[in-house]
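The values are calculated or read from the model by the stated rules, or taken from the named source; none is laboratory data. Given the structure is predicted, the values throughout are model-derived calculations rather than measurements. Note that we place each Cβ from the backbone using ideal geometry, even for glycine, and neighbour counts take in every protein chain shown.
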Amino acid sequence: MTTFRTIRVVIVDEHEMVVTSLKIMFENLSGIEIIGQAVNGAEAVEVAGKLLPDVMLMDIVMPVMDGLTATRIIREQYPQIKIVILTASTLEADKDAAFEAGAHNYLGKDCSTNQLIETIRAVVSY
């Protein structure tokens with residue numbers, strides 16, 4: 001019998017509505033648990049070290065430190081943490097920069113709930 005462990009996720013976004021919506025979306029979902037949040041990249045780096053999540057959902061444009069810089073630092077310090085960029089940006093340059101920074105995947109905030117869930121599960125599996 002295979003045992004599945006819960007995927008531990010941190011949300012990094014400065015918009016309270018986005019964070020609240022994501023928390024509600026995952027609230028009753030088996031297998032994924034929101035364990036923390038951060039409102040900027042600097043806080044994301046701190047939270048990553050304290051909570052050591054499996055996945056961080058990271059916005060790009062944030063105050064204090066942007067998500068790309070935070071991604072780069074987190075991937076250097078905590079290479080086991082998977083980072084999914086979840087952003088409103090549709091710029092190819094942002095997508096390219098995200099992967100260069102070490103992101104494991106890149107989704108627009110217009111993605112479906114199922115697409116986000118599948119992406120989180122997929123990045124943890126590799």
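Odds and ends about this structure:
- Residue pairs whose Cβ atoms lie under 6 Å apart, separated by 6 or more positions or on different chains, with the first residue in region 64-88 and at pLDDT below 95 and the second surrounded by fewer than 22 Cβ atoms within 10 Å (Cβ to Cβ) and assigned to a helix (DSSP H, G or I), are Val64/Ala42; Met65/Ala42.
- Here region 107-126 is the region considered, the condition is being small (Gly, Ala, Ser) and either exposed (fewer than 13 other Cβ atoms within 10 Å of the Cβ) or without any contact (Cβ under 8 Å) to a residue 12 or more places away in the chain (or both), and the residue that is nearest to Glu76 (Cα to Cα) is Ser125.
- Residue list for region 57-67, filter: in contact with a Gly (Cβ under 9 Å, 6 or more places away or on another chain) and either over 14 Å from Ala88 (Cα atoms) or not in a helix (DSSP H, G or I) (or both): Met58, Asp59, Ile60, Val61, Met62, Pro63, Val64, Met65, Asp66
- Residue that is surrounded by the most Cβ atoms within 10 Å (Cβ to Cβ) [pool: residues in region 17-35 that are farther than 19 Å from Glu118 by Cβ and touching a Lys or Arg at 6+ places or on another chain (Cβ under 8 Å)]: Val18
- Number of residues in region 88-124 that are under 22 Å from Leu29 (Cβ atoms) and in a helix (DSSP H, G or I) equals 12.
- Pick from region 8-18, criterion under 12 Å from the mean Cα position of the chain (by Cα) and not in a loop (DSSP other than H, G, I, E, B), ranking: farthest from Ile85 (Cα to Cα): Arg8
- Restricting attention to region 71-86 and to residues that are touching a strand residue (DSSP E or B) at 6+ places or on another chain (Cβ under 8 Å) and either among the charged types (D, E, K, R) or under 18 Å from Ile34 (Cβ atoms) (or both), the residue that is surrounded by the fewest Cβ atoms within 10 Å (Cβ to Cβ) turns out to be Arg75.
- Odd one out for Ser21, checked against (1) in a loop (DSSP other than H, G, I, E, B); (2) farther than 21 Å from Tyr126 by Cα: (1)
- Of all the residues in region 40-56, those that are in a helix (DSSP H, G or I) and under 12 Å from Val12 (Cβ atoms) number 9.
- Qualifying residue in region 91-106 (condition: closer than 19 Å to Ile35 by Cβ, surrounded by fewer than 17 Cβ atoms within 10 Å (Cβ to Cβ), of a type outside the set (A, V, I, L, M, F, W, C) and at pLDDT 95 or above): no
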